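Worksheet: one structure, shown below.
Laboratory data are not the source of any read-out in this text; all were calculated from the coordinates shown. Here the structure is a predicted model, which is why all the values come from computation and not from measurement. Every residue, glycine among them, receives a Cβ derived from its backbone with ideal geometry; neighbour counts consider all protein chains shown.
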Amino acid sequence: MSLFDKKPEDTGRFVMGNEAIARGALEAGVQFVAGYPGTPSSEIIQTLSEAAKTMNIHAEWSTNEKVACEGAAAAAFAGLRSLSAMKNAGMSVALDFLTHLSYTGLGDRGGAMLVVVCDDPNAHSSGDETDSRWLAPFASAPLVEASTIQEAKDLTRWALDLSEEFKCFVMVRGYTRLSHASSTIRMDELGEFNRQARSDSSVAINPYLGLTHHAAVLEKLEKIRERFEHSPFNVYEGPKKPELIIVCGGSGKPCAGEALESLKLRDRVGLLKIGTLWPFPRNFVKKHIGRTQALLLAEEVDPFLEHQLKDMLADNPVENLRIFGKRSGHIPGFGEMTPDRVIKALSALLKVPYSRRSRAYQKKLSQISSDLIISRGLTWCPGCPHRASFWALERAVKTDGRDGYVTGDIGCSTLDVFPEGKERMNLLHAMGSGTGLASGFGQLGPFGYTQPVINVCGDSTFFHAAIPALINGVYNQSNMMLVLLDNSATAMTGFQAHPGTGFNALGRPTEKIDIEKLCVALGCQTTVWDPFDIKGTVATIRNLLKKEGVRVLILRRNCEIVRMKKEKNKPFVVVVEEERCKGEECAVCTSQFRCPALFQDVKTGKTKLKEDICSGCGVCIQICPFKSIKGEKRA
Amino acid sequence: MIRLQEDPMNMIICGVGGQGNILLSRMIGRILIRKDYRVDIGESFGAAQRGGSVFSSLRVSRKKNHGPLIPEGRAQVIVSLEPLEALRMLSFYGNPEVTTIFNTQPVYPVGVLSKRVKYPDLERLKTAIAQLSQKSWSLNAVEMAMRLKAPIVANIIMLGALTGTGTVPINLDEVKAEIVSSLPPNRVELNLKALNMGYEAIG
């Protein structure tokens, strides 16, 4: 049985949360989907792109999240059902459009639109753990959140109906422990994909004359709140008169349930799960909290529900009600929700003793293992062109001697800032910000700034947000150099296509945007080089550093994972000649170059090759100062 | 027939990014689902793929579905594709009743290459894992996979070993069926060989 079966059997299917969201959208007859990759959201558009190969659906990787939302909104304005998906950081990019879209609504053509935003509490794969729930009130958009994989499917489908009924986009929040969890779901029938798109050109839609629009939005949100009061996704389970009620959203529910079972508190504690987070279903909540005199808010990252609840209570005071959560210090104000966090809070509040394991085991554990467990840093893969690029950049900046300043960007190049990177990036922020920052630093000459300014940016990030900043640099005559690491992939998130790859989301050939021509057209001094030529790259960077104005150096080499999948060979057969290797005295290849395929043999102290992971890129042959690493080029 | 010692059975499958950890947890999940167990898997991937520690948590039950996260100290089985990662997971999820099955071939963290940290002494590491588990099995799955000239199948060798220990309610025929149904036809023979190798290493 496939995830795309029209009439699935009742046996259920084992799927990931993001696949469930995609299936829900398919059951609702979604016909236009767009997004920009970002963990943990990427599999939603990936799955829908697979579906689009055989169904009447348009799927695309857009250049950024704002464009993705605009595309999805266009489809909704023309009467289709649409979806855009992104990670938390991406929603900030889309926000300017979305705040306006709330004011206008989706028009009268009967379309619908979801904005699926997947948060990454704990920042497993993100620069931050920003809680996008706050963006719902900010953008005047209804917000829903699932607690199980089954609900992720059902809620997505329900939210598209809601969007169509109220002619506004609906925010669906995912999070790492939903998006990347798997379970068995029952699937329903697929929707119809037969709507025809058409615009009504006799009507003008815009957010201007904002006051009337705003008043209408408030009225609409109030109606949606009334609907939310009776939503099937808001549930109370537990005793009629519990000692305490845990109030939670989707992510808190499984953790709270686990805690109740671990502490055997099902008879004493109730669980109030809210799936329609905003507008807050205050009457539903008010009705249920009347059962008790103590509440524990089990939510991750920010106290969003806590704010909503306390706001409701300010209007509807309940006597002798005690509220515990982030403000009381029972739940930490950062990080993801876990069963242990709820267990700890409940154990303290209800004085139920709990130990995760015996004291004797705990003692043994710290005695035996404390000095054995070392951290495992992230690093570039063997054969990654970024390792070579950063190696050359470091040398060029050092020999240039003017204390060059490097701004970075988001993607695999970001691995530079981790403890085992080259630590060459001095400043790193959001997508494309490295270019904007470089453009700013490059204006500081009149204030005594003499350091060369270099921005390192990947190709997908370049298309996403760096281009306007680069234009800014040219237009305002900044002194900066953009080193564009062009590996022809959105590698960090799973090798999705982008405008420079020549393929679209469905893997079909499309117009390939020529980065080099684009930079030349913008008026940048543009050079292309192969980062695997270490000497040449160092010399090129040094030359360019001496010049003025906006310079672009494109370091072009395919991502090794992509290359290996296609070519299935090692370009070089690498051998370490033990007699020549100076071992620990030198250690340039191991302690400085840090390719995971090279290590120092404990017995001899000399470098050894891990053949099973060596990609045969041949870069280590060039960086060995004693020429002890040799390689034969394969025919 | 092997039964669950506890319901839910909590299982950790861990290793280093790129070792085939996710594939392994999915295969075990699918086998158990075919036997009418309720299975939930939790994973975090993304940046961690780049040489970092990765693990999946499996919750297996006869009664109902569970959340993807295992409470600390509550794993019954840990399968590790790397010795240091086995100990790391024991420190979070271990308890006096846990069973650990691990591959003894280290994958050095890049911090070891750069000499920022030293990889622990392998013998001490192995002893620690054994002392912190009620039962433990170890094998050098990478070396065995190299004998098949395919380091990539070390995870399937570990799956064979896990099946051989009898700690999880799956048998060799069920795993074979899963390999045949989920892997590309030209990979089946190699993986069946690897499976048997791991199974026999334990038996």
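Values for this structure:
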{"read-out": "Residue pairs, from the table A:Lys273/B:Lys35; A:Lys546/A:Lys630; A:Lys398/A:Lys568; A:Lys87/A:Lys326; A:Lys363/A:Lys608, whose Cα atoms sit over 27 Å apart", "value": "A:Lys273/B:Lys35; A:Lys546/A:Lys630; A:Lys398/A:Lys568; A:Lys363/A:Lys608"}
{"read-out": "Exposure proxy ranking, count of Cβ atoms within 10 Å, fewest first, for A:Arg157, A:Arg225, A:Arg508, B:Arg62", "value": "A:Arg508, B:Arg62, A:Arg225, A:Arg157"}
{"read-out": "Per-bin percent of Cα-Cα distances, the stretch A:178-304 [5 Å]", "value": "2, 8, 13, 14, 14, 13, 11, 8, 7, 4, 3, 1, 0"}
{"read-out": "Rounded to 5, percent antiparallel among DSSP beta bridges of the stretch A:243-339", "value": "0 percent"}
{"read-out": "Ratio Rg/Rh [Cα only; Rh per Kirkwood] for the stretch A:78-195", "value": "0.97"}
{"read-out": "Average Cα contact separation per residue, chain A, under 8 Å, 6 or more apart, as relative contact order %", "value": "10 percent"}
{"read-out": "Full-stretch length increase - A:Leu427, A:Glu189 - with 0.36 nm per residue and alpha-carbon distance subtracted", "value": "80.7 nm"}
{"read-out": "Cα-based Rg of the stretch B:9-202 normalised by 2.2 N^0.38 Å, two decimals", "value": "0.97"}
{"read-out": "Kirkwood Rh (inverse of mean 1/r, distinct Cα pairs), the stretch B:77-129, angstrom", "value": "11.6 Å"}
{"read-out": "Ranked list, fewest to most other Cβ atoms within 10 Å of each Cβ, for A:His330, A:His230", "value": "A:His230, A:His330"}
{"read-out": "Antiparallel bridges, percent of DSSP beta bridges restricted to the protein assembly as shown (to nearest 5)", "value": "35 percent"}
{"read-out": "Per residue Cα convex hull volume in Å³ - calculated over the stretch A:493-635", "value": "156 Å³"}
{"read-out": "With 20 Å bins from 0: P(r) over chain A, alpha-carbon pairs, percent", "value": "17, 43, 33, 7, 0"}
{"read-out": "Per-pair calculated FRET efficiency, R0 = 41 Å: A:Asn543 and B:Asp121 via Cβ, rounded to 0.05", "value": "0.25"}
{"read-out": "Overall dimensions of the stretch A:235-350 by Cα: Rg and Dmax, Å", "value": "12.6, 36"}
{"read-out": "Cα centroid separation, the stretch A:12-43 to the stretch A:592-623 (Å)", "value": "41 Å"}
{"read-out": "Inter-part distance where the stretch A:291-333 and the stretch A:257-290 are each reduced to a Cα centre, Å", "value": "12 Å"}
{"read-out": "For the stretch B:9-202, share of DSSP beta bridges that run antiparallel, in % to the nearest 5", "value": "50 percent"}
{"read-out": "Two-site label geometry, A:Asp200 and A:Lys566: point separation in nm, points 7 Å out along Cα→Cβ", "value": "4.8 nm"}
{"read-out": "Listed residues A:Ala259, A:Cys624, A:Asn455: farthest to the positive end of the dipole of the protein assembly as shown (Cβ charges)", "value": "A:Cys624"}
{"read-out": "Largest-first principal axis extents, alpha carbons of the stretch A:1-134, Å", "value": "42, 40, 23"}
{"read-out": "Chain lengthening between A:Lys264 and A:Gln592 when straightened (0.36 nm per residue, less Cα-Cα)", "value": "112.7 nm"}
{"read-out": "Cα centroid of the stretch A:484-518 to Cα centroid of the stretch A:447-470, whole Å", "value": "19 Å"}
{"read-out": "Most positive-pole-ward Cα, A:Ser358, A:Phe390, A:Phe418, against dipole of the stretch A:325-421 from beta carbon charges", "value": "A:Ser358"}
{"read-out": "Ranking of A:Val93, A:Val619 by count of other Cβ atoms within 10 Å, fewest first", "value": "A:Val93, A:Val619"}
{"read-out": "Extreme residue, positive dipole direction of the stretch B:9-202, given options B:Val188, B:Ser25, B:Met146 (C-beta unit charges)", "value": "B:Ser25"}
{"read-out": "Diffusion coefficient, µm² s⁻¹, Stokes-Einstein with Kirkwood Rh over alpha-carbon pairs of the stretch A:13-228 at 4 °C and 1.567 mPa s", "value": "77 µm²/s"}
{"read-out": "Violating pairs (Cα-Cα greater than 24 angstrom) within the set A:Lys582/B:Lys126; A:Lys633/B:Lys193; A:Lys7/A:Lys153", "value": "A:Lys582/B:Lys126; A:Lys633/B:Lys193"}
{"read-out": "In Å, descending, principal axis extents of the Cα set of the stretch B:100-203", "value": "44, 32, 20"}
{"read-out": "Relative frequency of Cα-Cα separations exceeding 20 Å in the stretch A:385-566, percent", "value": "49 percent"}
{"read-out": "Distance between modelled label sites at B:Val180 and A:Arg634, nm, 7 Å Cα→Cβ extension", "value": "3.3 nm"}
{"read-out": "At R0 = 22 Å, FRET efficiency that the Cβ-Cβ distance of A:Asn558 and A:Lys610 yields, to 0.05", "value": "0.50"}
{"read-out": "Percentage relative contact order, the stretch A:458-569, counting C-alpha pairs under 8 Å, at least six apart", "value": "33 percent"}
{"read-out": "Length-normalised contact order of chain B in % [C-alpha pairs under 8 Å, at least 6 apart]", "value": "21 percent"}
{"read-out": "Student exercise, the protein assembly as shown dipole from Lys, Arg, Asp, Glu Cβ charges, in Debye to nearest 20", "value": "1600 debye"}
{"read-out": "Paired Rg and Dmax values of the stretch A:569-633, which use every Cα atom, in angstrom", "value": "10.6, 33"}
